1. Which value in deg cm²/dmol, rounded to the nearest 500, describes the helix-derived mean residue ellipticity at 222 nm for the chain, given -39,500 (n - 2.57) per DSSP H run of n ≥ 4 and division by the residue count?
2. Does the stretch 213-280 classify as rounded, prolate or oblate by the C-alpha gyration tensor (a ≥ b ≥ c root eigenvalues; a/c under 1.5 gives rounded; else a/b over b/c gives prolate, otherwise oblate)?
3. I'd like to check one number: the per residue accessible area of the chain, probe 1.4 Å, reported in Å² as a whole number.
4. Answer with a single label: of (1) 1.00; (2) 0.97; (3) 1.05, which was calculated as Rg/Rh (Cα atoms, Kirkwood Rh) from the structure in view?
5. Kindly provide the trypsin sites (Lys or Arg not before Pro) of the stretch 173-277 that DSSP labels as loop, not H, G, I, E or B, and whose Cβ sees at most 10 other Cβ atoms within 10 Å.
6. Pop a pseudo-label 7 angstrom from the Cα along the beta-carbon direction at both residue 96 and residue 116 and give the gap in nm to one decimal.
7. Stretched out fully, how many nm does the piece from residue 361 to residue 339 gain, at 0.36 nm a residue minus the Cα gap?
8. So if each residue of separation counts as 0.36 nm, and I subtract the Cα-Cα distance between residue 469 and residue 149, what length gain in nm does that give?
Amino acid sequence: MKKWLIMATIVLGGGVAAAESLDIAPFQGDSWYGLYFNGEKVGYLLKQVNQNPSGEIEVIEDAHFMVTMSGAKQSMSMFSNRVYDPKGALLRIEMEMKDPAQTSSFVAEVAGNELRMKSLLGGAAREDVFPKPQETLQDALRHGLWTRRGPAVGEVINFSAFEPMYQKEVSGISRITGVEQRIFNGVPTKVYEIQSVLDLMDIESTSYVTDCGTTVEDVISGVFTMRLEPEDAAKDVDYSVDTMVSNAVLLPEPIKNPRGRDWLRLTLTGPLRESHLFNDLRQTMILDGDRVDFEAIRTNVAALPVPELPITDEALLQYTKPSTYVQSDDPRLIEKAREIIGDETNALKVARLLCNWVSANMRNVFSARLSNALEALESLEGDCTEHTVLFVGLARAAGLPAKKVAGLIYVEGSPSGFYFHQWATVWLGAWVDVDPAFNQLPVDVTHIKLAEGDLFRQAKILPLIGRLEIAVEGERMVREPAAEPLPDADETDPDETAAAPAPEDEENT
């Protein structure tokens with residue numbers, strides 16, 4: 001669940017107000033917030049707005065998470081400082097993330113019409129250049145500036161913010177959806193309800209902001225909440241929440257022979273959308289209101305027209321390119337991939353060799369890391385996220401098209417149920433799912449694919465966490481297997497933001 005905590009924290013920031021003279025005095029100082037995941041406290045966040053001696057305005061967010069993953073205590077923190085000149089123009093962004101294994105950092109500075117960024121991930125440094133973002137100080141203070149003007153219900157603003165971790169400027173729209181009176185600090189206070197939607201991620205949030213510009217509460221997809229609290233109350237958090245178990249979809253009865261079944265039919269109920277539906281050789285999903293009929297059948301890889309490497313199709317080569325978190329052009333990954341596969345060129349045999357190696361050599365440890373392929377190769381430990389990012393990195397280094405996948409998998413135990421999970425998919429004449437954490441090629445029928453691609457695209461799973469119900473059905477659906485067309489070379493890569501000019505990037509159990 002580490003991925004969703006990071007993503008929700010990012011969603012809490014950013015935004016734009018209508019053009020106006022900026023008076024930051026009402027926003028200066030410290031604000032403390034408790035962080036809650038499906039109603040259970042998982043951390044705290046400090047927001048600060050300061051003006052330094054040189055006149056620059058700093059907007060700081062310092063978030064800390066303390067959770068348990070299957071009994072293992074995990075902590076991580078995320079710090080960001082967005083700096084603007086006195087007129088509100090963006091000058092630089094500093095970001096640092098600490099997990100139990102490493103520190104990742106990003107420093108981006110505006111230089112003319114460019115944004116130059118230095119990043120350090122998994123001990124590997126790199127530099128990238130991007131167009132100057134549209135973001136201004138008005139973005140960082142959008143809700144406070146807006147509500148102090150007394151907006152009307154139905155009024156709309158647009159917003160944008162550059163996110164160094166994902167090398168993208170994201171944008172969206174906010175709308176005033178209600179005004180109410182609340183008691184705040186013992187005084188009746190006008191509070192605005194603001195609904196926002198981020199593009200790319202398809203994530204909705206609801207904010208409650210006073211007419212003096214104070215954010216009382218932010219709710220992301222009905223799952224993640226940031227609530228204004230006194231400092232002592234905000235920091236009153238321990239490791240009591242096991243995010244894996246508390247957000248799993250538990251079943252009253254176990255599924256028989258889950259790994260060896262040839263087919264499985266389920267009914268999924270919850271806030272599902274068309275964007276959560278994936279239909280391919282293995283699974284079929286049919287949406288009817290808030291219900292999805294799901295069926296998976298075991299993939300017959302022997303029937304596929306498996307290609308030989310190297311792949312030459314331009315539409316597929318984009319899935320062999322490096323990215324921020326999948327450094328497949330690094331000599332260490334290339335050397336390890338060659339060591340594992342030798343002279344093998346059959347794509348299916350290459351995929352099996354890589355899957356077997358990752359499964360055999362990685363130590364299973366539940367981790368709160370923000371993972372990348374190089375760090376996973378160096379540590380050779382982690383959960384499904386580390387298994388997947390290393391497998392994808394090795395596959396791409398070997399020239400085998402590969403992408404990340406996120407969804408659910410059935411796990412036997414006490415309790416048994418469907419847990420959020422990450423795995424991979426590779427091109428074997430069709431896209432075939434591979435799970436290096438379970439050493440499966442093809443994956444078993446209990447894998448439910450709900451997202452594919454980079455972290456922004458996988459973020460659409462966030463509204464589903466803790467809000468799904470699953471029932472096992474006893475009869476098969478009658479269906480025609482879905483076709484597996486080649487991807488359009490002109491389409492935006494659904495998997496990664498890459499080092500130029502490659503595709504886009506990523507980062508679960």
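The values are calculated or read from the model by the stated rules, or taken from the named source; none is laboratory data. Computed from a predicted model, the values in this text were never measured in an experiment. Reconstructed Cβ throughout: ideal geometry from the backbone, glycine too, with neighbour counts over all protein chains shown. Remember, those area values only see protein heavy atoms, side chains included, never the ligands or the DNA or RNA. Shrake-Rupley method; radii C 1.70, N 1.55, O 1.52, S 1.80 Å.
1. The helix-only estimate for the chain comes to -4500 deg cm²/dmol at 222 nm.
2. The shape class here is oblate.
3. Ligands and nucleic acids excluded, the figure is 39 Å² per residue.
4. (2)
5. Counting only loop positions with at most 10 other Cβ atoms within 10 Å, the trypsin sites (Lys or Arg not before Pro) in the stretch 173-277 are 256.
6. 2.2
7. 6.6 nm
8. Working: separation 320, 0.36 × 320 = 115.20 nm, distance 4.30 nm.
Contour length minus the Cα-Cα distance gives 110.9 nm.
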